[in-house]
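K.L.:
The structure's right below; bear with me while I get my questions together.
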Amino acid sequence: MENFSLQQLIELQNIQKELNSNKDTYLKTYRQVLKKKFRSELNNLVRADFNIVKTELKVPQLPPLPPEDEKTTATVQFSDMAKDYEFTKDCLSLL
């Protein structure tokens, strides 16, 4: 800075002011562009038609369970076999 003339310092000062002005203008324009862009995207989202389809869960119908007191043939056969086993075991213990 010591080697610069007064005229050169004034020119440098003007260039710095212009640079700062350009930075401010750029930032202001950049903010405006971003604001418009995001506002338009938000409006598009708000105005969009969302087709929400109500769906029902399709669960197959299960056959009704048989009543508990109803005995199937397999149950009867197993209970008869268990009785026979107990009877045979008791008889063998007597021998």
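K.L.:
For region 1-49, what is the charge dipole size about the Cα centre, in debye to the nearest 20, if Lys and Arg each add +1 at the Cβ and Asp and Glu each add -1 at the Cβ?
P.N.:
480
K.L.:
Same structure again: Could you compute the net charge surrounding residue 12? Neighbours are other residues with a C-beta less than 15 Å from the C-beta of residue 12; K and R count +1, D and E count -1.
P.N.:
-2
K.L.:
Would you list 33, 59 from fewest to most Cβ contacts within 10 Å?
P.N.:
Ranked by crowding around the Cβ, least crowded first: 59, 33.
K.L.:
If you don't mind, there's one more thing I want to ask. Could you check the simple spin-label distance between residue 61 and residue 89, using points 7 Å along Cα→Cβ, in nm with one decimal?
P.N.:
4.5
Quick note: the coordinates plus some simple rules give every number you see, no bench work behind them. Everything quoted here is computed from the prediction, not taken from an experiment. Neighbour counts run over all protein chains shown; Cβ positions are idealised from the backbone, glycine included.
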